[in-house]
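Reviewing the structure listed below.
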Amino acid sequence: MIEIEKSQSLYRRALKSIPGGVNSPVRACQSVGADPLFIDRARGCFIQDVDGNEYIDYIGSWGPMILGHRHPAVMEAIAAVMERGTSFGAPTDLEIQLAEMIIEAVASVDVVRMVNSGTEATMSAIRLARGVTGRDLIIKFDGCYHGHADTLLVAAGSGVATLGIPGSPGVPEDVARNTLSLTFNDADAVRKVMDAKGDTVACIIVEPVAGNMGVVRPAAEFLENLRELTQQHGTLLIFDEVMTGFRVAYGGAQSLYGIEPDLSCFGKIIGGGLPVGAYGGRADIMEQIAPQGPVYQAGTLSGNPLAMAAGIATLQQLKKDGVYESLAATTGRLAAGLAAVAERAGVAVRTDHVGSMLGMFFTDREVSNFEDAKSCDLGLFSSFYQAMRQQGIYIAPSQFEALFVSTAHGREQIDATLDAAGRVFAQLARLTG
Ligand code: KE4
């Protein structure tokens, strides 16, 4: 039995000074009925809690740690900048270097602006889309998460074509009404809305591979339809690649599906574990951003040299030949193995992966949108989460997240994970009879 007394003591203390004891809600593990682990350190694919328990880590800080924790090249890059300082509030050569690497990697990006989080990236891209089109309405998709800006914390309205309703207290009605949330993978619903209102829609924003409802691939032609419909109506297409960027391929999901959006958002991996976000795209659009153009956006720590150095070092490793093929092969073995051990135990689980982003749903049905994802056996997922943590396997504490494999996950760790899953599925099968 893994004991977590020190974590629990820290959690009780944290609850007195931090809302919910955490600085981001999902970390509280509320949806899986567990107490959060407080982490002491990490290395490679391993993470260690304050009680000294070690786990194989499939959260990877929610995506950034694609090289594993404390990769030597990343740590050396950060240390080298620390010799010079930590933040200047002025341009440095490092932000040019990272911008040039992103532009070289992603065909649709001519110009890119650094910010400090994925939320800032998507929020700014939407303001830019509204600014250049002069339109207010935006379209997103249920189950896609783009950060916590008001305009994106919107749930689907009662009917498909009715306008959004606030997804959180504090989001004003008159903000929500400018956001339409449709069903992911339902191209007909998008076509219907665009035929009716397309000339008033500033942008459509989408996760090209959804990673915030579990992992859900785009249906055939879905992304192509979005590209065609937005072009028809002078609407901008924004790919939110905060999770998929440099995760599923060096050129992001857009390079896998051969779609060129007008704007793309990045985060996570491009900061190598330090706070970062970025948005970029067509030069004629990006030149509208202040100080070159009238659309305002700013940030004290944007382009922070430590984050830039960590991002550059990370992308330099990812550029090497064979990295993504190896990540996909390792993840494929894990996905197939999990499905096999679940089937052997008689537990209904569907797995899928795109590159090193892996999803598993506790259902025997196809999952192609958020309604499908919500119909999975969330209770069984919670039991799986808790039992796997007891086996030393650290996965996201929510059915609506992804598992991330890093270059530091070796055959031994995948085998250990599959052995643990075999024991857990057998245990669950006995419990559920
Ligand atoms: P941040 O503001 O958290 O850096 O990025 C927001 C964001 C934007 N777009 C996508 C596709 C994202 O996945 C995210 C953030 N992802 C979540 C996990 N799915 C971050 C974890 C958290 O909220 O603590």
Only unsatisfied item for residue 145, checking (1) away from the ligand (no atom under 16 Å from the Cβ); (2) within 23 Å of residue 360 (Cβ to Cβ); (3) not small (Gly, Ala, Ser), is (1)
Of the listed residues (124, 117), the one being hydroxyl-bearing (Ser, Thr, Tyr), in the same structural domain as residue 225 (by TED's automatic domain parsing) and in contact with a Gly (Cβ under 6 Å, 6 or more places away or on another chain) is 117
Report yes if residue 214 is farther than 24 Å from residue 98 by Cα and surrounded by 21 or more Cβ atoms within 10 Å (Cβ to Cβ), otherwise no.
yes
Given (1) in a loop (DSSP other than H, G, I, E, B); (2) under 30 Å from residue 194 (Cα atoms), residue 88 misses just (2)
Subset of the stretch 340-356, residues aliphatic (A, V, I, L, M), assigned to a helix (DSSP H, G or I) and under 15 Å from residue 380 (Cβ atoms), comes to 341, 342, 345
Note to self: Quick check on the stretch 407-418. Is at least one of its residues under 17 Å from the mean Cα position of the chain (by Cα) and either in a loop (DSSP other than H, G, I, E, B) or closer than 23 Å to residue 333 by Cβ (or both)?
What the structure shows: no
Exactly one of 47, 66 is over 30 Å from residue 368 (Cα atoms), within 16 Å of the ligand (Cβ to nearest atom) and at pLDDT 95 or above, and that residue is 47
Expected single match for farther than 27 Å from residue 111 by Cα and not basic (Lys, Arg) among 68, 89 is 68
Checked the stretch 363-405 for anything surrounded by 22 or more Cβ atoms within 10 Å (Cβ to Cβ), more than 16 Å from the ligand (Cβ to nearest atom) and farther than 15 Å from residue 29 by Cβ; matches are 367, 376
Filter the stretch 19-34 for residues that are surrounded by 15 or more Cβ atoms within 10 Å (Cβ to Cβ) and outside any helix (DSSP H, G or I); the one that is farthest from the ligand (Cβ to nearest atom) is 34
The condition from (1) surrounded by fewer than 15 Cβ atoms within 10 Å (Cβ to Cβ); (2) touching a helix residue (DSSP H, G or I) at 6+ places or on another chain (Cβ under 9 Å) that residue 90 misses is numbered (2)
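The values are calculated or read from the model by the stated rules, or taken from the named source; none is laboratory data. Note that the structure is a prediction, hence the values are computed from the model and not measured. Backbone-built Cβ (ideal geometry, glycine too); neighbour counts: all protein chains shown.
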